Amino acid sequence: MTEIFKNSKSERTPVPVVIIGNGPSGICLSYLLSGYTPYVKEGSVHPNPILQRKLEEYPNVPVTQQDLEYLSEGLEGRSHSPVALLFDSLLRPDTDFIGDVDSVLSWKLEPERAIPHLVLGRGPPGGAWNAIEGSMITLSRGEWMGLPDLNFKDWMRMKRRNFRNDRSTAGDILNYYQHYVQSKGLQDNFVSGCVMSVVKINESAELDTLLHSHNECKEEANQARTLFQVNGFLDDGCGSKQKFSIYAKNVVLATGTFDSPTWLGVHGEDLPFVSHQISALEEAVKSHRVHPNSDPVLIIGAGLTAADAVLLAHHYNIPVIHSFRRRVNDPALIFNQLPQVMYPEYHKVHQMMKEQSIFGTGPYEGYISLPEHHAVSFHGDKKCIFRDKHGQHKVFGVSMVLILIGSNPNLSFLPNNGTHLALDIDQPVSPKRNPLDIDPISYECVQEKSLYAVGPLAGDYFVRFVQGGALASASSLMKSQKKPP
């Protein structure tokens, strides 16, 4: 347990920053808050001439202390976040067009700029990557999965690992992130635990009572008039849980979206043979509960996770029924948006979806495709009822069901599940449809000062772009701390 955590529990001393979530966003933010400071390399030339001229204006000022809105103005790319585009462009200049171009940033460890912080995660560093089957191939190119100042390709060479069609396995990514935390000396900031609630304390009397024995903290609190109480359970690694309650001046939400799989909302969806995570299939294969001679595994969904499940079952010769609501040629289907050369395995699944009929006729033995089918109900005898596009009902017997139709963030530790922070406060938080309403330059929540959101919660999905949220929030936090330029 870190000294910061011990002190905050025993003395009720507020922690300057608590980060909830220890995936790539939380790791990158911890790196920046630990005093690792980005400067523009002397003599470097950025391929974007406009950005290059801006970078030349303050060559000896850290990027975190510069005007990020000014630097990011006019940048275009595969993200809607200007700071995400900026940081990605500095780390990987013109990577979408030129390929491998050296970063224009150099990094210096300046402890005087560090801000004490804690990173709370449910397990080891890596976030959701801990729960992804290690042999799965990443959607993004391997070099886009790297974090600042530790080139992922160099790390792969050091580990004598190879890319697969320019992509990497989830196992390699997880090992890299955990190595990153250790090699950068960040491990003392990371605590394994489950956050149950985050409560804002902003009444003068409450603050005065809370901080009565700390005059300095009391003076600061009277100025800010805001603290957050973070409550939860620590994991001691031995199976027991220990309650904790700490106080924070700032909280950063970096929980991602993996925690709460989306449900269909149909009868029988809570039966034991129905699951919402691909890991259930992995466990069933290992325990031989499903095998080539068992009833088919029903996979519902038309996204990449569902495709991964199809590929996993196909690898072990396990029969599959694959159901999805869209047409196979629907332009919104993810397979119709991926380059075939770069993603041959996903296009193989798409081909199977198009060519294999409900009657099992076609070139892919052991696979049945059910396009434009809606699940109606699941039953205890492992029978599943579907309705096709003509309204006809069909019944299938299966060994297990995997409903892989996406996931939503679990913000149950916030009031009203965080809906008061979303763009549409009348709808649940959804990274794609209803993300949190943040300032695009600082990533501070519009509705709650001193509360920040990074990663998918802020609408950033890919690792290469979630790092921009870390830069934005770190810059904002540092400037609020009045660190010297």
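Looking at Pro456, Pro428, can you tell me which residue is surrounded by fewer than 24 Cβ atoms within 10 Å (Cβ to Cβ) and either in contact (Cβ under 8 Å) with a residue 12 or more places away in the chain or under 14 Å from Gly256 (Cβ atoms) (or both)?
Step by step, each of Pro456, Pro428 is checked, and only Pro428 is surrounded by fewer than 24 Cβ atoms within 10 Å (Cβ to Cβ) and either in contact (Cβ under 8 Å) with a residue 12 or more places away in the chain or under 14 Å from Gly256 (Cβ atoms) (or both).
Select from segment 158-170 the residues that are over 16 Å from the mean Cα position of the chain (by Cα) and in contact (Cβ under 8 Å) with a residue 12 or more places away in the chain and write down the one among them that is surrounded by the most Cβ atoms within 10 Å (Cβ to Cβ).
Taking the candidates together, the pick is Ser168.
Test Trp155 against the stated conditions and say whether it is among the hydrophobic types (A, V, I, L, M, F, W, C), over 15 Å from Gly23 (Cα atoms), part of a helix (DSSP H, G or I) and touching a residue at least 24 places away in the same chain (Cβ under 8 Å).
Judged against the criteria, Trp155 is a match.
Scan Asn231, Asn250 and give me the residue that is at pLDDT 95 or above, assigned to a strand (DSSP E or B), open to solvent by 30 Å² or more (accessible area, probe 1.4 Å) and of a type outside the set (Asp, Glu).
None of the others qualify; the one that does is Asn231.
Looking at Leu404, Leu414, which one is touching a residue at least 40 places away in the same chain (Cβ under 8 Å), within 30 Å of Val446 (Cα to Cα) and aliphatic (A, V, I, L, M)?
After ruling out the rest, the residue left standing is Leu414.
Output the residue which, of all residues in segment 2-49 that are at positive phi and either open to solvent by 20 Å² or more (accessible area, probe 1.4 Å) or in a helix (DSSP H, G or I) (or both), is modelled with the highest pLDDT.
Filtering first and then ranking leaves Gly43.
Of everything in segment 283-338, what is of a type in the set (Asp, Glu) and either over 27 Å from the mean Cα position of the chain (by Cα) or surrounded by fewer than 16 Cβ atoms within 10 Å (Cβ to Cβ) (or both)? Give them in sequence order.
Passing the criteria: Glu283, Asp295, Asp330.
Based on this model, can you work out whether Gly74 counts as of a type in the set (Gly, Ala, Ser) and more than 25 Å from Asn22 (Cβ to Cβ)?
Answer is yes for this residue.
Step by step: first the residues of segment 70-92, then only those that are farther than 18 Å from Ile438 by Cα and outside any helix (DSSP H, G or I), then the one that is most open to solvent (accessible area, probe 1.4 Å). Which residue is that?
Step by step, filter segment 70-92, then rank; the result is Glu76.
The values are calculated or read from the model by the stated rules, or taken from the named source; none is laboratory data. Here the structure is a predicted model, which is why all the values come from computation and not from measurement. Because the Cβ atoms are built from the backbone with ideal geometry, glycine has one as well, and the counts that use them run over all protein chains shown. With ligands, DNA and RNA removed, areas are computed over all heavy atoms of the protein, side chains included. Shrake-Rupley method; radii C 1.70, N 1.55, O 1.52, S 1.80 Å.
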